[in-house]
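Single-structure report; data block below.
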Amino acid sequence: MAIGTWFAALVAASSMGVSALPTQSKDVRDVNFAIPSALTSSHLYGAPANNFSCTSSRNPVVMLHGLSASREVDLNLLQYELNNRGYCTFSLTYGAHPIPSWIGGLDDMTKSAKQIAGFIHEVKQKTGATKVDIVGHSEGGVQSIYVPMTQDGIADIVEHIVALGPAVHGATYFGFTDLWYTGGDLTRALVGQLLDVVGCPACEQLAVDGLVTNQFTQAAKIAQPGNKVTVIGSTKDTLVPVEVSTIDEPDVNNVLVQTTCPDDPVGHAGLAWDRSVWRLIVNALEETDEEVYKCEQGLPF
């Protein structure tokens with residue numbers, strides 16, 4: 001899941017202050033930080049290997065996971081599906097926490113942007129492709145737009161960008177960010193410092209008035225020239241509502257799942273696994289409007 005229950009608890013604790021965090025009662029060296037076996041044994045876990053010798057008539061696709069996810073869990077099922085359709089896909093776990101290292105997307109987003117940019121250059125170089133496409137979910141959707149905007153040379157080598165539920169205008173985390181302003185800018189700054197201390201600077205940077213959100217606000221243009229940007233949102237997404245993800249620029253195609261599948265209740269996390277959404281992703285990459293997949297009832301969270 002792009003944003004897990006542990007993260008909701010973290011944000012709630014941040015809103016209440018440092019005193020709300022549990023007291024450390026165990027030596028960190030005694031904690032098992034390995035990937036839980038229940039996760040690795042699940043059919044939902046695992047991504048295809050990055051095969052740089054893969055050939056296709058289409059652009060290689062870089063897949064960017066969401067906050068607290070990884071290359072192994074989030075867009076991995078879509079990655080297999082795109083492989084079956086003849087795409088060469090590539091993914092990485094970016095912004096991983098040092099402990100445990102299998103949880104990605106938590107680190108400073110500006111650092112992650114550099115990491116992602118390096119990976120995009122690597123994919124282009126090793127595959128010999130002229131252009132690269134990007135598909136990102138949640139924070140990965142934000143990065144799919146942020147990296148071409150901020151990293152030199154990336155916009156020139158990217159063609160299609162498909163962002164699923166990107167919090168471009170600032171995540172509110174189900175309203176918790178309102179509590180961050182209880183004491184005005186002072187408490188807002190303290191919450192940012194707390195999130196940095198506990199190991200999730202990205203949580204603050206994605207929020208309203210966060211570093212990345214403010215960069216989007218101040219940018220003369222979010223979507224870069226030559227990039228064909230599609231933003232996919234759901235009217236049922238309560239974590240990143242449509243108004244938060246929409247980019248109101250002439251070169252951006254903002255698409256709602258419910259336009260083609262009106263009865264689909266898919267929520268934010270479910271965007272990664274819903275075939276109603278996969279249809280829109282393939283349509284964006286191939287610049288068609290074919291009914292690649294039938295509508296389905298996506299996960300409502």
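Observations, loosely collected:
- Among the residues listed as 289, 263, 251, 209, the single one being in contact with a Cys (Cβ under 8 Å, 6 or more places away or on another chain) and surrounded by fewer than 20 Cβ atoms within 10 Å (Cβ to Cβ): 263
- The set of residues in region 99-140 being within 20 Å of residue 171 (Cα to Cα) and of a type in the set (Ser, Thr, Tyr) consists of 110, 112, 138.
- Of all residues in region 150-170, those satisfying the criterion of being assigned to a strand (DSSP E or B) and crowded, with 20+ Cβ neighbours inside 10 Å are 158, 160, 161, 162, 163, 164.
Yes/no per residue for (1) closer than 20 Å to residue 75 by Cβ; (2) modelled with pLDDT of 95 or more; (3) of a type in the set (A, V, I, L, M); (4) buried (at least 17 other Cβ atoms within 10 Å of the Cβ):
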position	(1), (2), (3), (4)
220	no, yes, yes, no
228	yes, yes, no, yes
234	yes, yes, no, yes
237	yes, yes, no, yes
259	no, yes, no, no
278	yes, yes, no, yes
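- Looking across region 94-120 at every residue that is at pLDDT 95 or above, farther than 12 Å from residue 139 by Cβ and not charged (D, E, K, R), the one that is surrounded by the most Cβ atoms within 10 Å (Cβ to Cβ) is identified as 120.
- Unique match (being of a type in the set (A, V, I, L, M, F, W, C), in a loop (DSSP other than H, G, I, E, B), crowded, with 17+ Cβ neighbours inside 10 Å and modelled with pLDDT under 95) among 35, 3: 3
- Pairs with Cβ under 7 Å, 6+ apart, first in region 240-254 and closer than 12 Å to residue 227 by Cα and modelled with pLDDT under 95, second among the hydrophobic types (A, V, I, L, M, F, W, C) and surrounded by 19 or more Cβ atoms within 10 Å (Cβ to Cβ): 251/223; 251/229
- Single residue of region 216-244 satisfying the filter (in a helix (DSSP H, G or I) and not β-branched (Val, Ile, Thr)) that is nearest to residue 59 (Cα to Cα): 216
- Hey, residue 243 surrounded by fewer than 19 Cβ atoms within 10 Å (Cβ to Cβ) and within 28 Å of residue 301 (Cα to Cα) or not: yes
- Failed item, numbered, when residue 288 is tested on (1) under 26 Å from residue 73 (Cα atoms); (2) among the hydroxyl-bearing types (Ser, Thr, Tyr); (3) in a loop (DSSP other than H, G, I, E, B): (1)
- Some residue of region 198-215 being more than 20 Å from the chain's Cα centre (by Cα) and either at pLDDT below 90 or in a loop (DSSP other than H, G, I, E, B) (or both): yes
The values are calculated or read from the model by the stated rules, or taken from the named source; none is laboratory data. Predicted model only: the values in this text are computed from it and were never measured. Counting neighbours? That spans all protein chains shown, and the Cβs are built from the backbone with ideal geometry, glycine included.
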